[in-house]
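Following: one structure in structure tokens, then a few remarks.
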Amino acid sequence: MSVKVCKFGGTSMADGNVVANVKKIIDSDKERRFVVVSAPGKRYSGDVKVTDLLYACFEELRNTGTCADAFKAVRARFTDIAKQLGLKLDINSVLDETQKRIDEEKSEDFTASRGEYLSARVVAEYLGAEFIDAEDVIFFKEDGTLDGGKSYKAIADAVNGAEKAVFPGFYGTGADGRVKTFSRGGSDITGAVVARAVNASLYENWTDVSGFLACDPRIVDSPKSIRQLSYKELRELSYMGANVLHSESIFPVRKANIPIQIKNTFRPEDEGTTIVPTSRYVPSGGTVTGIAGKKNFTVIFIEKSLMNAEIGFVRKVLSVIEQESVPVEHIPSGIDTMSLVIESGALAHYKLERILEGIKNAVEPDIIRVIENIALIATVGHGMSSLVGTSARLFNAIASADINIKMIDQGSSELNIVVGVKNDDYEKCIKAVYAEFFGK
Ligand code: ASP
């Protein structure tokens, strides 16, 4: 029988009533055997996520040597949930133990990971399923990235014989043997790793929205929902800020061709969005699948006559940036010009000044200029490459909205076109592009 892995996000864990709903979802399909959970999220707007409460615990621990005071709020969240669910588990002694270990470990990652740990303990008990600690089955390499081989094997061994099992998301064990977390939102990655390890037929990611929308609903009113995305489209959209799913969570499942389905815990009947390999992708007929973007980039513009003929020019420029350990997002170029698009936050602490000095010394450009406060907007879709005139429509729409395009980069995948505009034009630009390809 095929198996499904279900990951439930923070809002699906927020209180006992929602967790009871989660059990109904799991019980309604026998294939839903392996469950990954996040820490309890917000119950209402203005509430604080348990993970954020835990980061506050670490702050207190660092300042005073114990997290005793801040941990009270974490304790209250979990005792409430256990009470609502009528659990037999002695939640207070689990919490005592956890608080003691936080004080002993004195590690930010360990402290932050306890939300998922406690969540999984509670859900395992409530479902009558086995609890498998991520500490024992998810491993990181020396460089901090996932050790896939070791993790897949450990998970496959751990689930052997288990009818149902619950895993905490977000953390594992680092190369130094201590608990280490993924970046924020990383339980999505844990779900994908478990799906790969058990060779799931589907990775269901249960959240509080009915899948991906064609653009940010805070900018365009009720945008169209996206039924199907390819892994590649998902990667482009989530990298550019569509944050339904952690942008790194496709890597483990993509290799094994396991589809991901985004579902809404609060509206389980909604179809959601399915993410499939490009080979199984059924074009919807639309030119553009989605639009996403991010603000606050810096563009370093370099001009030098005969740049194209100068052997090693690009390498010299890039090695200056590499020395500062700064990632470059895009490198649009012409025969005598090149631009480097970098997230502005990565250039703090005088890195920008050092990079400019380094480039001047390394390649002696005729002109070097910095353009700040740039927003990038990606228009993504497999339909774009085969249709003549898509870029003309895109640029016309932006021009008609009276927006000046500062930079253009068409990914070599022909799957997306990225434009850079002023931060202030960001919302207006997304509205214009949406209206052009999806109607008003
Ligand atoms: N609880 C963690 C966070 O808030 C991880 C997750 O929810 O995926 O980032």
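What follows is calculated from the coordinates using simple rules that are stated; it is not laboratory data. These figures come from a predicted structure and were not determined experimentally. Quick reminder, even Gly has a Cβ in these numbers, built from the backbone with ideal geometry, and neighbours come from all protein chains shown.
What do you get when you divide the Cα radius of gyration of the range 176-251 by 2.2 N^0.38 Å, with N the number of residues?
The value comes to 1.24.
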Cross-link list Lys180/Lys360; Lys7/Lys150; Lys255/Lys304: which exceed 31 angstrom alpha carbon to alpha carbon? Lys180/Lys360; Lys255/Lys304
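Starting from the alpha-carbon convex hull of the range 97-248, give the projected area averaged over all orientations, in nm².
Reported value for the Cα convex hull: 10.9 nm².
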Determine the shape class of the range 165-312: with a ≥ b ≥ c the square roots of the Cα gyration tensor eigenvalues, call it rounded for a/c under 1.5, and otherwise prolate if a/b is greater than b/c, oblate otherwise. oblate
Using a Debye calculation, one point per C-alpha and no hydration shell, please list log10 I(q)/I(0) for the range 302-376 at q = 0.25 Å⁻¹ in order. -1.35
Length gained if Tyr55 through Arg267 is fully extended, taking 0.36 nm per residue and subtracting the Cα-Cα distance, is 73.2 nm
Only counting other Cβ atoms within 10 Å, I'd like Tyr152, Tyr239 sorted with the fewest neighbours first. Tyr239, Tyr152
Let's test the formula: R0 of 25 Å, r as the Cβ-Cβ distance of Ala20 and Lys72. What FRET efficiency results, to the nearest 0.05? 0.50
How large is the direction-averaged shadow of the alpha-carbon convex hull of the range 33-150, in nm²? 8.8 nm²
As an exercise, identify the GluC sites (Glu not before Pro) in the range 103-148 lying in DSSP coil whose Cβ has no more than 12 other Cβ atoms within 10 Å. Glu142
Which one, Ala242, Ala158, Ala200, has the greatest fluctuation when you compute a Gaussian network model over the chain with C-alpha springs under 10 angstrom? Ala158
Report the Rg/Rh value for the range 224-381, based on alpha-carbon coordinates and the Kirkwood definition of Rh. 1.09
Modelling each spin label as a point 7 Å along the Cα-to-Cβ direction, I'd like the Arg369/Glu414 distance in nm, to one decimal. 3.3 nm
Within the range 267-323, list the GluC sites (Glu not before Pro) lying in a DSSP loop whose Cβ has at most 15 other Cβ atoms in a 10 Å radius. Glu269, Glu271, Glu310
With R₀ set to 35 angstrom, the calculated FRET efficiency between the beta-carbons of Glu97 and Asp47, to the nearest 0.05, is 0.85
How about the range 1-59: which trypsin sites (Lys or Arg not before Pro) there are in a DSSP loop, with at most 13 other Cβ atoms within 10 Å of their Cβ? Lys30
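For the chain, how big is Rg over Rh, using alpha carbon atoms and the Kirkwood form of Rh?
Result: Rg/Rh = 1.01.
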Spin-label proximity, Ser284 to the range 382-422 - amide N less than 13 Å from point 7 Å beyond Cα toward beta carbon: 382-384
Ile91, Ile81 arranged by Cβ crowding within 10 Å, fewest neighbours leading: Ile91, Ile81
So what is the 222 nm mean residue ellipticity for the chain from helices alone, if each DSSP H run of at least 4 adds -39500 (n - 2.57) and you divide by all residues, rounding to the nearest 500 deg cm²/dmol? -12000 deg cm²/dmol
Evaluate the Kirkwood expression for the hydrodynamic radius of the range 302-439, namely the inverse of the mean inverse distance over all pairs of different C-alpha atoms, and round to one decimal in Å. 16.5 Å
Assuming R0 = 45 Å, can you tell me the calculated FRET efficiency for the pair Tyr350 and Ala256, based on Cβ-Cβ distance, to the nearest 0.05? 0.50
Antiparallel DSSP bridges in the chain: what percent, to the nearest 5? 60 percent
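Roughly speaking, what % of Cα-Cα pairs in the range 98-174 are separated by over 17 Å, rounded to a whole number?
That tail contains 49 percent of the Cα-Cα pairs.
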With a 4.7 Å Cβ cut-off, tell me which Cys residues in the chain come up empty for a partner. Cys6, Cys215, Cys429
How long is the gain from Leu387 to Ser2 if the chain were fully straight, where each residue apart is worth 0.36 nm and the alpha carbon distance is subtracted? 134.7 nm
